[in-house]
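One structure below.
The values are calculated or read from the model by the stated rules, or taken from the named source; none is laboratory data. It should be emphasised that the depicted structure is a prediction, and the values quoted were computed from it without experimental measurement. No Cβ is skipped: glycine too gets one built from the backbone with ideal geometry, and neighbour counts run over all protein chains shown.
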Amino acid sequence: MTDETRVEEGGLIHSAIRYVNLALLALGCLFLFLMMAHITVDVINRFVFNGAMVGTLETVSFYYIVLAVFLPLGYVELKSEHIRVDLFAQMMPNWAQLALYVLACIAGLVFFGMLAWQSGIDAIRSTQRAETIMSNFLFYIWPSRWALPIGFVGMCLAILSNLLRAIQRREAL
């Protein structure tokens, strides 16, 4: 990748944000793989050995799914793969499309910033209380509470990166 290509793609800021979101995507994929392996072992154990693994439902519900869904949010945004409805925007001139895109990015930064802030407060409170759920064993859920603020921060960074690239290119992404 040449320096000119790197400048076109948003430069150092975009690259750093991309690598952060790639790392979060890799973690999300890791937890997805762990969920698959855990459930497979539980099913084999149940049907072959007539045994039961304690905590599969809780682990899948409170850890694997939450981490697999929220951590990759920013990467999906960087790739512009979230659902968009741009039926009327396609008929507008380029300057209007860019203006709407900038407005949507600012609204997204505010919205996901507030979600990151509140979920961060909730994660701190959960950690301070060492939050658990009612189960037939001690099951801590406070670590999984951190997936939301981390995922939302990744989303904010991705929106910021896309916003900067759109302004630099002078066209809506």
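Taking the listed residues 131, 58, 77, the one that is of a type in the set (Asp, Glu) and without any contact (Cβ under 8 Å) to a residue 60 or more places away in the chain is 131, with no other qualifying.
The single condition among (1) modelled with pLDDT under 95; (2) more than 22 Å from residue 112 (Cα to Cα); (3) surrounded by 15 or more Cβ atoms within 10 Å (Cβ to Cβ) that residue 54 does not meet is (3). Taking the numbered list (1) under 17 Å from residue 24 (Cα atoms); (2) touching a residue at least 40 places away in the same chain (Cβ under 8 Å); (3) not hydrophobic (A, V, I, L, M, F, W, C) in turn, residue 149 passes all entries but (2). In segment 139-156, is there at least one residue being in contact with a helix residue (DSSP H, G or I) (Cβ under 9 Å, 6 or more places away or on another chain), within 29 Å of residue 55 (Cβ to Cβ) and among the polar types (S, T, N, Q)? So far as segment 139-156 goes, yes, one or more of its residues are in contact with a helix residue (DSSP H, G or I) (Cβ under 9 Å, 6 or more places away or on another chain), within 29 Å of residue 55 (Cβ to Cβ) and among the polar types (S, T, N, Q). The helices (runs of 4 or more DSSP H) found wholly in segment 1-115 and carrying at least 3 residues that are more than 16 Å from the chain's Cα centre (by Cα) occupy 3-8, 11-48, 56-59.
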